[in-house]
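In what follows, a single structure is set out as structure tokens and then discussed.
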Amino acid sequence: MSDDASPVTLLEAPMHIGRTHLRYLVVASVLIAILLILIYWTPPKLDTDAVRDIVENAGYWGPLFIMGLMILAVVASPLPSAPIALAAGAAYGHTFGTLYVIAGAEVGALIAFLIARLVGRDVLKRWFGSKIDAGMLGSQNALTAIVFLSRLMPFVSFDLISYAAGLSGLRLWRFGIATLAGIVPASFLLAHFGVEAVEGNSSVATGIAVVLGLATVLTAGWTLIRRLHKEPDD
């Protein structure tokens, strides 16, 4: 019997095939679940008068308040950023609401990245656990692509990726560009949800969410399947 057809290889082959199919099944199930959430989720209704009161009371400090909350939401993990982005869109409209959200998220991501560089791996592991290392080993191009794709997917922890990237060898300017490019679609979408919720017209926002969500799911799914196909089974 030749070395290429050893008994161990023949016995392990079905197990390898089963693991590959299981990985594909898990990825497909997660992507389908995310797509269904995007299709059936509608933005919450916001009180127009309440939003106007907040804007009038905040005055010139309103944009700084929005950006400050976004920075805090990115740096401090438990604080959600989606409600802040919705409020920004409801209060300042599509253009300025999106710009304020992008500015706050970008600055917050850079701060988290730099904190990781200064604080180090041991301290952050006590905060996030061992998952802080997940997926952040590779070349500069691969790390940049991971950051960019993660910013397109709202179900991926924004702050965790920022801290993990800071612990990797990714250069700051690459991280900044990948983050900025990736957060534009989600920021606009959330700001648009806020506008539509105030106006009481959620159908347009839901349609945009489905289209962008489908594009994101297909892109992420294709990338994950290619990576799983290239990885050798353990």
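The values are calculated or read from the model by the stated rules, or taken from the named source; none is laboratory data. None of the values given here were measured: they were computed from a predicted structure. As a convention, Cβ positions derive from the backbone with ideal geometry for all residues, glycine included, and neighbour counts pool all protein chains shown.
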Pick from region 144-168, criterion more than 17 Å from residue 115 (Cβ to Cβ) and not in a helix (DSSP H, G or I), ranking: modelled with the highest pLDDT = 153
Taking the condition at pLDDT 65 or above, surrounded by 13 or more Cβ atoms within 10 Å (Cβ to Cβ), aliphatic (A, V, I, L, M) and not in a helix (DSSP H, G or I), does residue 69 pass?
-> no
Do you know which of the residues in region 162-185 that are free of Cβ contacts under 8 Å to residues at least 40 places away in the same chain and aliphatic (A, V, I, L, M) is farthest from residue 84 (Cα to Cα)?
-> 170
Please enumerate the residues belonging to region 105-120 that are more than 15 Å from the chain's Cα centre (by Cα), among the small types (Gly, Ala, Ser) and either part of a helix (DSSP H, G or I) or crowded, with 17+ Cβ neighbours inside 10 Å (or both).
-> 116
